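Take a look at the structure below.
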Amino acid sequence: MEVDPEFIRKALNESDRFCKTNGMALEVARPGYAEAKMEIVTSVLNGLDTVQGGAIFSLCDLAFAGAANTYGFRCVAMNANISFIRPGTGSYLKAVATEVNRGRRTGIYRVDVFNDAGKLVANATITGFISEEPFVQE
């Protein structure tokens, strides 16, 4: 199924209310690859004044969604594993999702999160379920 990756990027940015509320947005989306960015503001900080782990995970999930949904069929996470490498600090975090493998019904994606100095903050592996439901393009 042919789908415009830019449509998917805009649709996910508009419809993901959690990410929108928390300052996360897809900047790049194309089949098997996506980049998402989150400005570090006080609302995403934990008690140690570093980015809360759940916020980092949500950023990974958004990047995964951008990479996995651009083929034209809805894909949702069914399993995820994340390793936190260093505290999330600086002015922003950027998640880069890369497809490792895509089959008929599942896809595996690696997501690396970097701080504004380019240092690795976290690494996630997310397995997605690919449905038969098309990602409708207007």
Quiz item: Pick from segment 52-76 the residues that are in contact with an Asp or Glu (Cβ under 8 Å, 6 or more places away or on another chain) and of a type in the set (G, A, S): which of them is nearest to A122 (Cα to Cα)?
Solution: A63
Quiz prompt | Filtered residues of segment 36-51 (kept if buried (at least 16 other Cβ atoms within 10 Å of the Cβ) and in a loop (DSSP other than H, G, I, E, B)) | solution = I40, T50
Quiz item: If you go through segment 117-138, how many residues are closer than 13 Å to M78 by Cα, without any contact (Cβ under 8 Å) to a residue 60 or more places away in the chain and in contact with a Gly (Cβ under 9 Å, 6 or more places away or on another chain)?
Solution: 2
Quiz item: Looking at Y33, Y92, which is the one that is touching a residue at least 24 places away in the same chain (Cβ under 8 Å), of a type in the set (S, T, Y) and closer than 19 Å to F18 by Cβ?
Solution: Y92
Quiz prompt | Residue among F57, F64, F84 that is more than 13 Å from the chain's Cα centre (by Cα), closer than 14 Å to V111 by Cβ and buried (at least 16 other Cβ atoms within 10 Å of the Cβ) | solution = F84
Exercise. Scan segment 8-35 for residues that are of a type outside the set (S, T, N, Q), in a helix (DSSP H, G or I) and closer than 19 Å to P134 by Cβ and report the count.
Key: 6
Practice problem: Answer yes or no as to whether V111 is surrounded by fewer than 21 Cβ atoms within 10 Å (Cβ to Cβ), under 15 Å from the mean Cα position of the chain (by Cα) and at pLDDT 95 or above. | Solution: no
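The values are calculated or read from the model by the stated rules, or taken from the named source; none is laboratory data. All figures in this text were calculated on a predicted structure; none of them were measured in a lab. Heads up, the Cβs are rebuilt from the backbone with ideal geometry, glycines too, and the neighbour counts pull from every protein chain shown.
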